[in-house]
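Comments concern the structure below.
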Amino acid sequence: MKETPTAAINLPWIRAQFPSLMQTVNGNPSVFLDGPGGTQVPQSVIDAMSGYLKTNNANTHGAYATSRRTDEMIASARAAMADFLNCDSDEIVLGQNMTTLTYAISRSIGRDLRPGDEIVLTYLDHDANISPWRALEEGGVSVRFVEINRENCTLDMTDLARKLTKRTKLVAVGYASNAVGTINDVREITRLAHQMGALTYIDAVHYAPHAAIDVRALDCDFLVCSTYKFFGPHMGVLYGKREHLKRLAPYKVRANTDEIPNCWEWGTLNHECIAGIAACVEYFADLGRRVLESYGDGRLGRPSSEARPVTRRAAIEAAYEAIHEHERALLERMIAGLLEIPRLKIYGITDPARFHERCATLAVRIDGHTPLELATKLGERGFFTWDGNYYALNLTEHLDVEKSGGFLRIGLVHYNTVDEVDRLLAALREIVGV
Ligand SMILES: Cc1ncc(COP(=O)(O)O)c(C=O)c1O
């Protein structure tokens, strides 16, 4: 009989992959609740990065062994990311980070825009999906902002539909909010945008550690993520539909070919990080195969000899199924515990019936305590949380919390435990004296 995915997640195995989780602060175990700012990396990623520097370190396209191995390594990392996002390898552009990639695309898209053309943005988004588009206002492009429902920090979909017109050329929207955790219905947003002939640019940076991404199913035109937010090295990855990557004119040096994706990747890339990206995708696949194995229903190709071996994509999806179940349990416990703390306010969805519309990222404020004070006191006790706006500046300004320190952000990912949730809640209670 199939076990539940919760039973299938092997937390001791997962935590053993991440050496940094073993650190202590002032004699207390470190509790990494800073995933939304950047996650920890498994040993396999560390090994791949140092292994590359030890044995393959070279520039690309040289007529010698290490250079050829570098070319092969980059091709295999690209193929891994294509499996991760469910697209083809030539639709994957590797870059410094999400922000830089977004400026590259916005500048190129801006070449084709005219005064009076419109771009739709939201009050929920990280500034990296705002400022690169607002830069196009210089050329006469108009920007329209989609409202949020203030009571639960969800996107106002009625307002979004209202803001779309025949002049809309692009909708830039986050898949999930890095501040309050709201997950947006980007498939529906893409459908609405396409009806108006507009493109969609999806910021999946915050969504990627929590759920599988399928760009084909979303039908989005662009989607961007950062590998350091999902257990990989500090880099960004962009998916672009082949037709757009070919049609748009990049700003590039002459030595870059006109072939995609090379025409979008300028200068020498960070090869050791790219080696880490391939290992990071393999980490998900490894986790997923273990999850499938634990179901014991032959989905891995055993015991039935007729079953085909599981693909890397299927293994990644299985990993995320288990991750989702585990994070959901942590989220329920965390929200129930937070709501019991007097004078604490959670910004975002708190109704369990709508938990499928949020991830396990919590923005809170407690009357009488600044977010910085709370984060500092938690930090002294070994809890790594964040305070401020985390560049979701539109949101903190819109909710009028920017001037008073923003939010305290508690971010859960799959290596966190129930025990860590309970200890965080106890530490918070102790700090605020309840
Ligand atoms: C939702 C979201 N979008 C974009 C970014 C920017 O990513 P990068 O640091 O790769 O430019 C971040 C980083 O915090 C983020 O959380």
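Quick check on residue 93: is it within 16 Å of the ligand (Cβ to nearest atom), over 15 Å from the mean Cα position of the chain (by Cα) and either open to solvent by less than 10 Å² (accessible area, probe 1.4 Å) or not hydroxyl-bearing (Ser, Thr, Tyr) (or both)? So that I can check it myself, show each step before the final result.
Values: within 16 Å of the ligand (Cβ to nearest atom): yes; over 15 Å from the mean Cα position of the chain (by Cα): yes; either open to solvent by less than 10 Å² (accessible area, probe 1.4 Å) or not hydroxyl-bearing (Ser, Thr, Tyr) (or both): yes.
In short, yes.
For residue 252, indicate whether it is more than 27 Å from residue 283 (Cα to Cα), open to solvent by 10 Å² or more (accessible area, probe 1.4 Å), among the basic types (Lys, Arg) and more than 13 Å from the ligand (Cβ to nearest atom).
Criteria met by residue 252.
Quick grid of which residues meet (1) away from the ligand (no atom under 16 Å from the Cβ); (2) out of contact with any Leu (no Cβ under 6 Å at 6 or more places or on another chain); (3) on the phi > 0 side of the Ramachandran plot; (4) not in a helix (DSSP H, G or I):
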| site | (1), (2), (3), (4) |
| --- | --- |
| 310 | yes, no, no, yes |
| 322 | yes, yes, no, no |
| 354 | yes, yes, no, no |
| 374 | yes, no, no, no |
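Identify all residues within region 131-149 that are under 25 Å from residue 183 (Cβ atoms) and outside any strand (DSSP E or B); write none if there are none. Show your work before the answer.
At the first step, the residues of region 131-149 found to be under 25 Å from residue 183 (Cβ atoms) are 131-134, 143-149.
Residues satisfying the conditions are 131, 132, 133, 134, 147.
What tally of residues in region 21-36 results from selecting those that are loosely packed, with under 13 Cβ neighbours inside 10 Å and either within 16 Å of the ligand (Cβ to nearest atom) or among the small types (Gly, Ala, Ser) (or both)?
1
Could you say which residue among 261, 233 is touching a Cys at 6+ places or on another chain (Cβ under 8 Å) and crowded, with 18+ Cβ neighbours inside 10 Å? Before you say what the answer is, go through the steps one by one.
On the way: 261 fails: touching a Cys at 6+ places or on another chain (Cβ under 8 Å).
Going through 261, 233 in turn, just one is touching a Cys at 6+ places or on another chain (Cβ under 8 Å) and crowded, with 18+ Cβ neighbours inside 10 Å: 233.
Would you check which residues across region 45-83 are of a type in the set (Val, Ile, Thr) and open to solvent by 30 Å² or more (accessible area, probe 1.4 Å) and list them?
Of all residues in region 45-83, those of a type in the set (Val, Ile, Thr) come to 45-46, 55, 60, 66, 70, 74.
Selection gives 46, 55, 60, 66.
Mind listing whichever residues of region 102-140 are open to solvent by 40 Å² or more (accessible area, probe 1.4 Å), touching a residue at least 60 places away in the same chain (Cβ under 8 Å) and within 16 Å of the ligand (Cβ to nearest atom)?
107, 123, 126, 127
I'd like to know if region 248-262 contains one or more residues that are within 22 Å of the chain's Cα centre (by Cα) and modelled with pLDDT of 95 or more. Walk me through it before giving the result.
Going through region 248-262, the residues within 22 Å of the chain's Cα centre (by Cα) turn out to be 261.
Adding the requirement that they be modelled with pLDDT of 95 or more leaves 261.
The answer is yes, given that some residue of region 248-262 is within 22 Å of the chain's Cα centre (by Cα) and modelled with pLDDT of 95 or more.
Yes/no per residue for (1) assigned to a helix (DSSP H, G or I); (2) of a type in the set (Lys, Arg):
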residue	(1), (2)
228	yes, no
231	no, no
254	no, yes
259	no, no
279	yes, no
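List the pairs whose first member sits in region 45-59 and is in contact (Cβ under 8 Å) with a residue 60 or more places away in the chain, whose second member is exposed (fewer than 14 other Cβ atoms within 10 Å of the Cβ) and assigned to a loop (DSSP other than H, G, I, E, B), and whose Cβ atoms are under 7 Å apart, counting only residues at least 6 apart or on separate chains?
If the second residue must be exposed (fewer than 14 other Cβ atoms within 10 Å of the Cβ) and assigned to a loop (DSSP other than H, G, I, E, B), the pairs left are 59/268.
So residue 321 ticks every box in (1) closer than 20 Å to residue 422 by Cβ; (2) open to solvent by 10 Å² or more (accessible area, probe 1.4 Å) but one. Which box is left unticked?
(1)
State whether one or more residues within region 110-130 are acidic (Asp, Glu), closer than 18 Å to residue 392 by Cβ and in a helix (DSSP H, G or I).
Filtering region 110-130 down to residues acidic (Asp, Glu) leaves 112, 117-118, 125, 127.
When the remaining residues are screened for being closer than 18 Å to residue 392 by Cβ, the result is 125, 127.
With in a helix (DSSP H, G or I) added as a condition, the list becomes 127.
Yes, the conditions are met somewhere in region 110-130.
Search region 233-252 for residues being among the charged types (D, E, K, R) and either part of a loop (DSSP other than H, G, I, E, B) or touching a residue at least 12 places away in the same chain (Cβ under 8 Å) (or both), and hand back the single one that is farthest from residue 86 (Cα to Cα). Talk me through it step by step, then tell me what you get.
Filtering region 233-252 down to residues among the charged types (D, E, K, R) leaves 241-243, 246-247, 252.
Checking which are either part of a loop (DSSP other than H, G, I, E, B) or touching a residue at least 12 places away in the same chain (Cβ under 8 Å) (or both) leaves us with 241-242, 246, 252.
Numbers: 241: 12, 242: 13, 246: 19, 252: 27 Å.
My answer is 252.
Being over 30 Å from residue 267 (Cα atoms) and within 16 Å of the ligand (Cβ to nearest atom) is true for just one of 189, 213, 202. Which residue is that?
On the way: 213 fails: over 30 Å from residue 267 (Cα atoms); 202 fails: over 30 Å from residue 267 (Cα atoms).
Criteria check complete, one pass: 189.
Is it true that some residue in region 168-190 is more than 28 Å from residue 356 (Cβ to Cβ) and open to solvent by 10 Å² or more (accessible area, probe 1.4 Å)?
Looking for residues that are more than 28 Å from residue 356 (Cβ to Cβ) and open to solvent by 10 Å² or more (accessible area, probe 1.4 Å), one finds at least one in region 168-190, hence yes.
I'd like to know if region 190-211 contains one or more residues that are among the aromatic types (Phe, Trp, Tyr), part of a loop (DSSP other than H, G, I, E, B), touching a strand residue (DSSP E or B) at 6+ places or on another chain (Cβ under 8 Å) and at negative phi.
Here is the first cut: in region 190-211, the ones among the aromatic types (Phe, Trp, Tyr) are 201, 207.
From what is left, the residues that are part of a loop (DSSP other than H, G, I, E, B) are 207.
From the residues that got through so far, the ones that are touching a strand residue (DSSP E or B) at 6+ places or on another chain (Cβ under 8 Å) too are 207.
Add one more test, that the residue is at negative phi, and what stays is 207.
Within region 190-211 (the criterion being among the aromatic types (Phe, Trp, Tyr), part of a loop (DSSP other than H, G, I, E, B), touching a strand residue (DSSP E or B) at 6+ places or on another chain (Cβ under 8 Å) and at negative phi), the answer is yes, since at least one residue qualifies.
Determine whether residue 378 is in a helix (DSSP H, G or I), open to solvent by less than 70 Å² (accessible area, probe 1.4 Å) and touching a Gly at 6+ places or on another chain (Cβ under 9 Å). Explain how you work it out, then say what you get.
Details: in a helix (DSSP H, G or I): yes; open to solvent by less than 70 Å² (accessible area, probe 1.4 Å): yes; touching a Gly at 6+ places or on another chain (Cβ under 9 Å): no.
No, not satisfied.
Can you tell me which residue in region 219-230 is most open to solvent (accessible area, probe 1.4 Å), limited to those that are near the ligand (Cβ under 9 Å from one of its atoms) and closer than 14 Å to residue 281 by Cα? I'd like the intermediate steps shown before the answer.
As a first pass, look at region 219-230 and keep what is near the ligand (Cβ under 9 Å from one of its atoms): 224-229.
With closer than 14 Å to residue 281 by Cα added as a condition, the list becomes 225-229.
Details: 225: 0, 226: 3, 227: 0, 228: 52, 229: 27 Å².
Step by step, filter region 219-230, then rank; the result is 228.
The values are calculated or read from the model by the stated rules, or taken from the named source; none is laboratory data. Remember, predicted model here, so these are calculated numbers, not experimental data. Every residue, glycine as well, gets a Cβ built from its backbone with ideal geometry; the counts of neighbours run over all protein chains shown. Areas reflect the complete protein model, heavy atoms only, side chains present, ligands, DNA and RNA absent. Shrake-Rupley method; radii C 1.70, N 1.55, O 1.52, S 1.80 Å.
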